[in-house]
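In what follows, a single structure is set out as structure tokens and then discussed.
The values are calculated or read from the model by the stated rules, or taken from the named source; none is laboratory data. All figures in this text were calculated on a predicted structure; none of them were measured in a lab. With ideal geometry, Cβ positions are generated from the backbone for all residues, glycine too; neighbour counts draw on all protein chains shown.
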Amino acid sequence: MKQLIFASNNRHKADEIRALLNNRFDIITLKEAGIEIDIPEPHETLAKNASEKSSVIFQLTGKDCFSEDSGLEVEGLNGAPGVKSARYAGDTSDATQNNALLLHNMKNISNRNAVFKTVISLIIDGNEYLFEGTCSGKIALTPSGTGGFGYDPLFIPDGYDQTFAILGLDVKSAISHRKKAVDQMNAFLKTIA
Ligand code: IMP
């Protein structure tokens, strides 16, 4: 089975991606590959951050790898938190703090349209390939649900009236930004397998 290093230690993302690839590939996280590194995300776009993460791991290992950078863009906040989604409430902030700040900043904002975006940077034999996926929805008035991670308790995808955190992995895996980006990567991997 082809092994791909996933340039991340986010267990939730790794689980989602393994399921989305139907376990056709041996996806190992940085920790599982024995790599201890905290790769910075200094850039202003998801694509540049994703490229940085995969190229750092390729330079370290010389092995096929991929990374992904994701974020939530809220229309009424001019695209915030966007590329800063993980650190919205500060460099050491957790999801509860980020969600609380998002709700606070949206207190007087009626346009609750939002979009999740994922960019994947895949490096195979030293060449980089980029894949993108988006998922549109709305920001709920209060958090609900215990599934998923990050902003899932606040994000109601279009076509549903519950948050990703309530809908769970089955629904998320069918319609999410990550699903759409991974599908593209999967289709590409099939052409070179
Ligand atoms: P990064 O891609 O590791 O920089 O993190 C992106 C951040 O965006 C995460 O820490 C979450 O806050 C948020 N995020 C990305 N994808 C999702 C998702 O599928 N559900 C909920 N939040 C997400």
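Just need a number here: residues in the stretch 59-92 that are polar (S, T, N, Q) and either near the ligand (Cβ under 9 Å from one of its atoms) or in contact (Cβ under 8 Å) with a residue 40 or more places away in the chain (or both).
Residues that pass the stated criteria total 4.
I'm told Glu52 meets every condition in (1) within 16 Å of the ligand (Cβ to nearest atom); (2) closer than 18 Å to Ile124 by Cβ; (3) more than 16 Å from the chain's Cα centre (by Cα) except one. Can you identify the failing condition by its number?
(3)
Would you point out which residue out of Gly150, Gly133 is at pLDDT 95 or above, buried (at least 21 other Cβ atoms within 10 Å of the Cβ) and closer than 27 Å to Asp64 by Cα?
Result of the check over Gly150, Gly133: Gly133.
Please find, within the stretch 157-179, the residue that is farthest from the ligand (Cβ to nearest atom) out of those that are among the hydrophobic types (A, V, I, L, M, F, W, C) and surrounded by 21 or more Cβ atoms within 10 Å (Cβ to Cβ).
So the residue we want is Leu167.
Look at Val56 and say whether it is within 23 Å of Ala174 (Cα to Cα) and β-branched (Val, Ile, Thr).
No, not satisfied.
I need the full set of residues from the stretch 150-187 which are more than 11 Å from Gly137 (Cα to Cα) and among the polar types (S, T, N, Q), in order please.
Ser173, Gln184, Asn186
Please work out which residue is surrounded by the most Cβ atoms within 10 Å (Cβ to Cβ), limiting yourself to the stretch 25-36 and to residues that are assigned to a loop (DSSP other than H, G, I, E, B) and more than 14 Å from the ligand (Cβ to nearest atom).
Checked the stretch 25-36; the qualifying residue surrounded by the most Cβ atoms within 10 Å (Cβ to Cβ) is Phe25.
Of the residues Thr92, Thr45, only one is exposed (fewer than 13 other Cβ atoms within 10 Å of the Cβ) and among the β-branched types (Val, Ile, Thr); which?
Thr92
Which members of the stretch 76-123 meet the condition of being more than 24 Å from Gln184 (Cα to Cα), of a type in the set (Ser, Thr, Tyr) and part of a helix (DSSP H, G or I)?
Residue satisfying the conditions is Thr96 alone.
Would it be correct to say that Ser121 is touching a residue at least 60 places away in the same chain (Cβ under 8 Å), within 13 Å of the ligand (Cβ to nearest atom) and in contact with an Asp or Glu (Cβ under 7 Å, 6 or more places away or on another chain)?
yes
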